[in-house]
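Undergrad: Take this structure first; my questions come after.
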Amino acid sequence: MTHHILNGDSLRDRFPTGQIEGEIIITRECMIDGPANAKSLTDLFQLREKFMSDAYGLDDYAKQTIPEISKITDIESGEINLWFEDDLFCQTNLWFVCSLIYQKDVKVYLIRPNSSLEYGFGGLDNDGLVKAFDDRKSVTPIQVNQLALLWFAYRNDDIERLLKLGVQTHADFPFIMRAIEAHFDRTSDGPNQPERIIKQITQEKSTTDFGEVFREFHKRAPIFGFGDLQFRRIFDRVVDSDQSNS
C-alpha cells in the first residue's frame, strides 16, 4: 500500500491523483503554534483540541484532525511519501509525523517542492508536482529516527538539543537548520523576529491592513510559513501593543 501524507488541504485539492496512485492522508495541524508537550498521543489530542478551540475558535479537531492522524498510526507496512516544504510550519508537522512512523517497517520518501520557499508546492503546476514526486528522496530508518528526535526536542522546547540535531542532520537535510534557526528567532526574549518584521512593515507602509501586511511578511520571511490564523495572533499582538503605546 502506498500512502501520501500531505501537509494541509491546499495540496490535496491540486494533487495529481490521476498520475500518482495511493491513499492520501492530510496533516491538519499547526504544531508551529501552541503547546505540544504531552506524554501520550491521547493526551496530545486533548491538549491540541483545547488549544485550537481557545486560540482559534475551532471546534472540529476531533472530526477533522484526529481521524487523519489515526490513519498514520494505523499504517503497518508499505510505502509512505511525505509531502512537506522547508518552512518552519511544515517542518514541525513533518517532525511530528516522523515521530508516529519511526518504528514502522515501511519505506519512507520525502517530497519537497523545487520552487521557491515563498511559493512551495503552490508554485508548481500539475507537471511540476509529478516531477517533484519523481525526484523524491529516500529516507532511511536512521534518518526517520533523527527527524522523530527533532520532534521530541521541539515539543520539550529544548532549543539546545534542536540545534545539536540540526548540525547532525545537516549533511542529509541541510534545510532543517534554517527552520530551527527560525524557531529560535521567534522564541527569543523581547520583540522576536516576526514581531519586529511586522512592526517594520506597518511603519514602512503606514498601514495595519491585515491582508497587506500578511502578504508582505510572507515575501520577507517565508521561512516561518505562517498561515493566516497563526499570523493573525502575532499581528494583533503587535498592533495592539503599538496602539497602547501611542
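Undergrad: Would you pick out the residues in the range 209-230 that are open to solvent by less than 80 Å² (accessible area, probe 1.4 Å) and touching a residue at least 24 places away in the same chain (Cβ under 8 Å)?
TA: 210, 218, 221, 222, 223, 224, 225, 226, 227, 229, 230 - these are the residues of the range 209-230 that are open to solvent by less than 80 Å² (accessible area, probe 1.4 Å) and touching a residue at least 24 places away in the same chain (Cβ under 8 Å).
Undergrad: Touching an Asp or Glu at 6+ places or on another chain (Cβ under 9 Å) and surrounded by fewer than 19 Cβ atoms within 10 Å (Cβ to Cβ), is that true of residue 50? Walk me through how you get there before you give the answer.
TA: Details: touching an Asp or Glu at 6+ places or on another chain (Cβ under 9 Å): no; surrounded by fewer than 19 Cβ atoms within 10 Å (Cβ to Cβ): yes.
Against the criterion (touching an Asp or Glu at 6+ places or on another chain (Cβ under 9 Å) and surrounded by fewer than 19 Cβ atoms within 10 Å (Cβ to Cβ)), residue 50 does not qualify.
Undergrad: Then there's this: What are the residues in the range 141-160 that are surrounded by fewer than 18 Cβ atoms within 10 Å (Cβ to Cβ) and within 21 Å of residue 84 (Cβ to Cβ), if any? Outline the logic, then answer.
TA: To start, the set of residues in the range 141-160 that are surrounded by fewer than 18 Cβ atoms within 10 Å (Cβ to Cβ) comprises 141-142, 145, 152, 156-160.
Within the range 141-160, 141, 142, 145, 152 meet the criteria.
Undergrad: For residue 206, which of the numbered conditions (1) within 17 Å of the chain's Cα centre (by Cα); (2) on the phi > 0 side of the Ramachandran plot fails to hold?
TA: (1)
Undergrad: Given the residues 197, 201, 223, which is the only one that is under 18 Å from the mean Cα position of the chain (by Cα) and farther than 17 Å from residue 55 by Cβ?
TA: Details: 197 fails: under 18 Å from the mean Cα position of the chain (by Cα); 201 fails: under 18 Å from the mean Cα position of the chain (by Cα).
Within the list 197, 201, 223, the selection yields 223.
Undergrad: Specify which of the listed residues (43, 33) is surrounded by 13 or more Cβ atoms within 10 Å (Cβ to Cβ) and either touching a residue at least 12 places away in the same chain (Cβ under 8 Å) or over 14 Å from residue 6 (Cα atoms) (or both).
TA: 33
Residue-wise test of (1) in contact with a Gly (Cβ under 9 Å, 6 or more places away or on another chain); (2) open to solvent by 30 Å² or more (accessible area, probe 1.4 Å).
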| residue | (1), (2) |
| --- | --- |
| 65 | no, no |
| 73 | no, yes |
| 81 | yes, no |
| 94 | no, no |
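The values are calculated or read from the model by the stated rules, or taken from the named source; none is laboratory data. The structure displayed is predicted, hence computed values, not measured ones. Heads up, the Cβs are rebuilt from the backbone with ideal geometry, glycines too, and the neighbour counts pull from every protein chain shown. Heads up: the accessible areas ignore ligands, DNA and RNA and are worked out on the full protein's heavy atoms, side chains in. Shrake-Rupley method; radii C 1.70, N 1.55, O 1.52, S 1.80 Å.
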